[in-house]
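The values are calculated or read from the model by the stated rules, or taken from the named source; none is laboratory data. Fair warning: this is a prediction, and the values are worked out from it, not measured in the lab. Heads up, the Cβs are rebuilt from the backbone with ideal geometry, glycines too, and the neighbour counts pull from every protein chain shown.
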Amino acid sequence: MIVEDGKSADSLSRCYLALTEGQRTSIESVSMDMSRAYRKATFAHVEKPIARLPSTTFTSPRR
């Protein structure tokens, strides 16, 4: 497990860069916060990420 402080593209990029190139290219799916920063880092470091990003929207239950 790789852990970084912050919620920036740089912090997630450091997590991806801690993996070997082979590990990064073997990524089949990514489950993450869909913030702009995380999408930016994922597109920069994961091969063909668009095919691997689910488009599910989670909502909070209303009371």
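Per-residue answers, yes or no, for (1) surrounded by 10 or more Cβ atoms within 10 Å (Cβ to Cβ); (2) modelled with pLDDT of 80 or more; (3) charged (D, E, K, R):
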| position | (1), (2), (3) |
| --- | --- |
| Ile2 | yes, yes, no |
| Lys7 | yes, yes, yes |
| Ser11 | yes, yes, no |
| Thr25 | yes, yes, no |
| Arg39 | yes, yes, yes |
| Ser60 | no, no, no |
| message | If I go through the range 22-49 residue by residue, how many of them are of a type outside the set (Gly, Ala, Ser), more than 15 Å from Ile2 (Cβ to Cβ) and out of contact with any helix residue (DSSP H, G or I) (no Cβ under 7 Å at 6 or more places or on another chain)? | response | 7
